[in-house]
Each structure stands twice: as structure tokens, then as C-alpha cells.
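Asker: Submitted below is the structure of interest, expressed as C-alpha cells.
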Amino acid sequence: MLEILIDPWNYEFMRHAILIGMLVGVLCPIVGSYLIVQRMALFGDVIAHCVLPGLSLSFFLGIDIMVGAFISGILGAGAISWIRSQARVKVDAAMALTFSSFFALGILLISLLKNNIDLDSFLFGDILGVTMTDIYRTSIVTLTILGAVWLFYKELLFYTFDKTGATAMGLPVNAIHFGFMAAITLTIIASMQAVGVILVIALLVGPALTAYLLVKELHQMMIVGAIIGSIASISGVYISFYVKHVPSGPAIVLVSSGLFILALLFSPSQGIFMKKSR
């Protein structure tokens, strides 16, 4: 048993995969907790696809792809907010339109600019191919977002549950909203290498939603979600190492989904079986 746990650490690519998996496993549920309590779980998926035009332009111009992806993601978030403010359009319709438009624009730019972008890696991730540069970059993003959450937790809590009250109290709700959008975009960019844009929403929502079934307070939800996310990430990497032809990204997401199902069935307060037994 001990050899099973230790053996993957003998390979550099596995050490890198486990480290970035832990970072992403902590970061995604903390940001995802805010998405869930605000009933904006699909917003992360929209922003994940909005980064594609920025990736394509960054690759063509020869600049850091994180810069272009961040700008493109923020523009996507801004487009949703602008559409909602200018017309009687519901948020789900605004997200659907923005999602499809930005994703189509990204595919068009890849074709016109003839960029040699590995779409499979972009869509589904390549956690076994991460480098130390990716780990350093993800570490900086993780520490930055965790630090901001710790410093402004009370303001974020007030904004999350009562935007009207936060405005009346004089909180800078526009700045908080922009910071929240930036945090989501950075989280998605940091997670793309691990699970890709298609599966990143599952890592954003899955562990946080599992924690939502187990605890009642937001800070508890973030802590438990981070633990669950780390377990899912590490377990998925180990599964892909020992089981042939199993990609790491889908393995991570399926472990996360399996843990959610267990919580849905056996949660002490909200589990299906526990309710029936009571």
C-alpha cells in the first residue's frame, strides 16, 4: 500500500501533476463556493469559453497567453453585465449569447491566424505536461486570491448575500463585482492546464457543492470544499497513473462527482438516505 502512494513521486511529471492538482483543488472550490451561493454556477463555464479569443491573439502576437486570456475573460464578464443593464434580458440568456459568441470568435481567430494551438489540451487539459513555470504561476494566483478572500471576507459575505444592503452601507459594489470577475477568470486560467475549459466548471462547482451538503456556513463550505477538491485532484492523478488510457482531467472530475453523490446520499443533514431514516 505504501509503495502505491510513494511510487508516483519518483517521476518528475507526477510530482508536478500532484502539486498543481493540489493548488487547483484548493483554489477552485473556494471561488466556486461564491458562485454556488450566488446561484451563478454556470457563469464559470461561460468565462472558461470566453478566454479562447484572448488565447488565440496572445499566441499570434507572441505574448504571455495568460494576459490575453485574462483580458478576454474580463471582456466576456463585462459583456454579460452590459447586456443585462441595457435590455430586459435575463442573465441566463445573456450568458448563453456571450458564451457562444466568444467561443465562435476564438475558433474563427484560430483558423484565420493559423495558430498552432492544441485544442485538445485546451479543452480537456494536460496535467501530466505541466512545468515548474506553470506551478509557480498557479501558486501566485492561488495565494493572491486566497489572500484577497481572507482580507475582504466580511465585505464579500455581505455582497454575496445582500447586494442591495451592501450598496446602502456604502460598500464599493462595482469594485467588488470586478474583483470577483477577475478572481473567476484567474482561477479558470490557472486550472486550464489541469482539467481544461470543458471540465473546469466541474472542479469549480463539484467540491463546493459537496461541501454545501455537509456544512452550513460559507467559510466552512470553502474549507471543506478545498479539502474535497484536493482529494479529488490527487486521486484523479493517481488513477491516471495506475490505470492505462485514463486521462487525468476526466478522472479528477469523476472522483469529484463520485464524492458529491456520496454526500447527496449520506450527508447527515441533507442526505437522501438520512432523511428517509429520520
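The values are calculated or read from the model by the stated rules, or taken from the named source; none is laboratory data. The structure displayed is predicted, hence computed values, not measured ones. Here the Cβ positions follow ideal geometry from the backbone for every residue, glycine too, while neighbour counts run over all protein chains shown.
Asker: Report every pair of residues separated by at least 6 positions or lying on different chains whose Cβ atoms are under 8 Å apart, first residue within the stretch 254-268 and over 17 Å from P29 (Cβ atoms), second part of a helix (DSSP H, G or I).
Answerer: Sorted first by the residue in the stretch 254-268, then by its partner, the pairs are L265/I272; L265/F273; F266/F273; F266/M274; P268/L214; P268/M274.
Asker: Can you list the helices (runs of 4 or more DSSP H) found entirely within the stretch 84-188 that contain at least 1 residues being buried (at least 17 other Cβ atoms within 10 Å of the Cβ) and small (G, A, S)? Walk me through how you get there before you give the answer.
Answerer: Numbers: elements: 91-113, 119-124, 132-151, 153-161, 163-168.
Output list reads 91-113, 163-168.
Asker: Could you list, in sequence order, all residues of the stretch 35-73 that are within 18 Å of the chain's Cα centre (by Cα), among the aliphatic types (A, V, I, L, M) and either within 20 Å of V205 (Cα to Cα) or not in a helix (DSSP H, G or I) (or both)?
Answerer: If the condition is that a residue be within 18 Å of the chain's Cα centre (by Cα), among the aliphatic types (A, V, I, L, M) and either within 20 Å of V205 (Cα to Cα) or not in a helix (DSSP H, G or I) (or both), then L35, I36, V37, M40, A41, L42, V46, I47, A48, V51 are the ones that fit.
Asker: I'd like the residue in the stretch 225-245 that is farther than 18 Å from I18 by Cβ and either under 16 Å from the mean Cα position of the chain (by Cα) or charged (D, E, K, R) (or both) and, out of all such residues, is modelled with the lowest pLDDT.
Answerer: Restricting attention to the stretch 225-245, the residues satisfying the condition of being farther than 18 Å from I18 by Cβ are 225, 244-245.
Those left that are additionally either under 16 Å from the mean Cα position of the chain (by Cα) or charged (D, E, K, R) (or both): 225, 244.
Working: G225: 94, K244: 81.
Of everything passing the filter in the stretch 225-245, K244 is modelled with the lowest pLDDT.
Asker: Please tell me if L199 is farther than 24 Å from S81 by Cβ, aliphatic (A, V, I, L, M) and within 15 Å of the chain's Cα centre (by Cα). Write out each step before concluding.
Answerer: Working: farther than 24 Å from S81 by Cβ: yes; aliphatic (A, V, I, L, M): yes; within 15 Å of the chain's Cα centre (by Cα): yes.
For L199, the condition - farther than 24 Å from S81 by Cβ, aliphatic (A, V, I, L, M) and within 15 Å of the chain's Cα centre (by Cα) - is met.
Asker: Out of all the residues in the stretch 29-39, which are farther than 16 Å from I140 by Cβ, of a type outside the set (G, A, S) and in contact (Cβ under 8 Å) with a residue 40 or more places away in the chain?
Answerer: Just the residues of the stretch 29-39 that are farther than 16 Å from I140 by Cβ, to begin with: 29, 32-39.
Remaining after also requiring of a type outside the set (G, A, S): 29, 34-39.
Of everything in the stretch 29-39, those that are farther than 16 Å from I140 by Cβ, of a type outside the set (G, A, S) and in contact (Cβ under 8 Å) with a residue 40 or more places away in the chain turn out to be P29, Y34, L35, I36, V37, Q38.
Asker: Considering (1) without any contact (Cβ under 8 Å) to a residue 60 or more places away in the chain; (2) more than 20 Å from I80 (Cα to Cα); (3) surrounded by 20 or more Cβ atoms within 10 Å (Cβ to Cβ), say which one S240 fails and leave the rest.
Answerer: Exception for S240: condition (1).
Asker: Among the residues of the stretch 130-175, count how many are free of Cβ contacts under 8 Å to residues at least 60 places away in the same chain, under 30 Å from E12 (Cβ atoms) and not small (G, A, S). So that I can check it myself, show each step before the final result.
Answerer: Our first condition is that a residue be free of Cβ contacts under 8 Å to residues at least 60 places away in the same chain; within the stretch 130-175, this holds for 133, 136, 140, 143-144, 147-148, 150-152, 154-155, 158-159, 162-175.
So of that shortlist, the ones also under 30 Å from E12 (Cβ atoms) come out as 133, 136, 140, 143-144, 147.
Imposing the further condition that a residue be not small (G, A, S) reduces the set to 133, 136, 140, 143-144.
Number of matching residues: 5.
Asker: To continue, here is another question. Given (1) assigned to a helix (DSSP H, G or I); (2) farther than 19 Å from S139 by Cβ; (3) not charged (D, E, K, R), where does H245 come up short, assuming only one miss?
Answerer: Going through (1) assigned to a helix (DSSP H, G or I); (2) farther than 19 Å from S139 by Cβ; (3) not charged (D, E, K, R) one by one, H245 breaks only (1).
Asker: Quick check on the stretch 70-90. Is at least one of its residues among the polar types (S, T, N, Q), in contact with a His (Cβ under 9 Å, 6 or more places away or on another chain) and in contact (Cβ under 8 Å) with a residue 24 or more places away in the chain?
Answerer: yes
Asker: In the stretch 189-218, which residue that is modelled with pLDDT of 80 or more, of a type in the set (V, I, T) and in contact with a Pro (Cβ under 9 Å, 6 or more places away or on another chain) is surrounded by the fewest Cβ atoms within 10 Å (Cβ to Cβ)?
Answerer: If we filter the stretch 189-218 for residues that are modelled with pLDDT of 80 or more, which is where we start, we get 189-191, 200-218.
In the following step, the residues that additionally are of a type in the set (V, I, T) were identified as 189, 200-201, 205, 210, 215.
Next, only the ones that are in contact with a Pro (Cβ under 9 Å, 6 or more places away or on another chain) stay: 205, 210.
On the way: V205: 24, T210: 27.
Only one residue fits best here, namely V205.
Asker: Give me the residue from the stretch 1-58 that is charged (D, E, K, R) and closer than 30 Å to Y159 by Cα and, out of that set, surrounded by the most Cβ atoms within 10 Å (Cβ to Cβ). Let's see the steps before the verdict.
Answerer: Applying the first criterion (charged (D, E, K, R)) to the stretch 1-58 yields 3, 7, 12, 15, 39, 45.
Next, only the ones that are closer than 30 Å to Y159 by Cα stay: 39, 45.
Values: R39: 9, D45: 20.
For the stretch 1-58, the residue satisfying everything is D45.
Asker: Being crowded, with 23+ Cβ neighbours inside 10 Å and within 19 Å of the chain's Cα centre (by Cα) is the requirement here; does S248 meet it?
Answerer: On the way: crowded, with 23+ Cβ neighbours inside 10 Å: yes; within 19 Å of the chain's Cα centre (by Cα): yes.
Considered against the rule, which asks whether it is crowded, with 23+ Cβ neighbours inside 10 Å and within 19 Å of the chain's Cα centre (by Cα), S248 comes out as yes.
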